[in-house]
Each structure stands twice: as C-alpha cells, then as structure tokens.
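For reference, the structure is listed below as structure tokens.
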Amino acid sequence: FHNHFDNLVTFNPSTFVLENVAEASAHGFEVGCTLKPMEWVNLALAYTYTDTEDEATGLSLLRRPKNKVSIDLGVRPTDQLNFHLFVRGVGSRSDTDFSSGLSQRVALAGFTTVDAVLSYDLTSNVQLFAKVENLFDKHYENVFGFGTPGLAGFGGIEVRM
C-alpha cells in the first residue's frame, strides 16, 4: 500500500491543539496466511510493515509502529468446544513525552500480548464463553505515560436470535 495524506489531523504537543499535518505519507505491505494442519486446528498469521512520514519535518508519524504481527490459533476438538489463542506483537513507535513541561519525542517500547478464549455451544443459539485478556499481565503503553489494562478475565452467555 501507499497512501498520501493532505491535511492529516494530528495533535500539536506544544500548543495542545488539534491541527493538520500538511503532507504525510504511509507505505508498506501486509501479508497473511491461514493454515489448517488438521480439520480441527486453524492457524492464521499476519504481518504488517508500515513506514510513515510527516513530509514537512521528515519525522515518522506518532504512534504508528513499523512492525505488527498477529497469530490466531484456533482449536475445535468437538463441534461444541472451541479454543482460541491470540498473540499480538506491536513494534516500537514514536510518541511525545510531556512530563518535563516541554514536549519531546520519545520511543515507546514494542510489546506482545496474549489473549485466550474458550467457548462451548450449548445449542446453535446459546454459547457459554470465558475470555482472558493480557494473559501474562504485560505492562505496556499505547500512549506515553498512560498505562493499559493488565490481566483481565470475562465470562458470560451469548444468545443469538
């Protein structure tokens, strides 16, 4: 892909005001594949490479990683039981640090998170499920200085009509 942006809306860390980046570009590629090594196992892999630039400054656009990868392993041992393991990796990216009073560009570290979902179909319309997000309680930032949720668990009943 190759995208060119005129008047891209962004945030100016010096003035705390939304403004436009006059000219910006993003180019890269995405690849993915799905493998089915057994009838009851599904493996989906995806990778995205993105290179961005504020054409006025020559700097990369904020909060846009060059590298992202995802893995989705699905296992369905019976018609009713389904398990998914999701792995998401996000590479380092630039952001702005306001903590010293002056805004300065910093690098946010890359991170990998793992989520798991187990579901059981009681009927064709009723499903029990349990989900764990951030399984290994990874500490990371999508925005500099703002934490993200740690380990979290959810469960419930889904009814389709």
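The values are calculated or read from the model by the stated rules, or taken from the named source; none is laboratory data. The model shown is predicted, which means the values in this text are computed figures rather than measured ones. Ideal geometry is used to build each Cβ from the backbone, glycine not excepted, and the neighbour counts take in all protein chains shown. Note: areas computed on protein heavy atoms with side chains; ligands, DNA, RNA excluded. Shrake-Rupley method; radii C 1.70, N 1.55, O 1.52, S 1.80 Å.
Of all the listed residues (E30, E19, E23), the sole one being over 22 Å from the mean Cα position of the chain (by Cα), in contact (Cβ under 8 Å) with a residue 24 or more places away in the chain, in a strand (DSSP E or B) and surrounded by fewer than 16 Cβ atoms within 10 Å (Cβ to Cβ) is E23.
If you go through region 112-161 and keep only what is surrounded by 10 or more Cβ atoms within 10 Å (Cβ to Cβ), over 14 Å from R88 (Cβ atoms) and of a type in the set (G, A, S), you end up with S119, A130, G145, G147, G150, A152, G153, G155, G156. Just so you know, in region 55-80 the residues that are open to solvent by less than 60 Å² (accessible area, probe 1.4 Å) and in contact (Cβ under 8 Å) with a residue 40 or more places away in the chain include one that is farthest from L118 (Cα to Cα), and it is L61.
Determine whether S100 is part of a loop (DSSP other than H, G, I, E, B), more than 17 Å from the chain's Cα centre (by Cα) and either of a type in the set (S, T, Y) or buried (at least 16 other Cβ atoms within 10 Å of the Cβ) (or both). It is true that S100 is part of a loop (DSSP other than H, G, I, E, B), more than 17 Å from the chain's Cα centre (by Cα) and either of a type in the set (S, T, Y) or buried (at least 16 other Cβ atoms within 10 Å of the Cβ) (or both). Of the residues in region 37-50, none is within 30 Å of D115 (Cα to Cα), hydrophobic (A, V, I, L, M, F, W, C), in a loop (DSSP other than H, G, I, E, B) and within 21 Å of the chain's Cα centre (by Cα). For T112, the test of being over 25 Å from L151 (Cα atoms), touching a Lys or Arg at 6+ places or on another chain (Cβ under 8 Å), among the hydroxyl-bearing types (S, T, Y) and not in a loop (DSSP other than H, G, I, E, B) is failed. Would you be able to say whether some residue in region 140-155 is polar (S, T, N, Q), closer than 30 Å to L62 by Cβ and assigned to a loop (DSSP other than H, G, I, E, B)? Yes, region 140-155 has at least one match.
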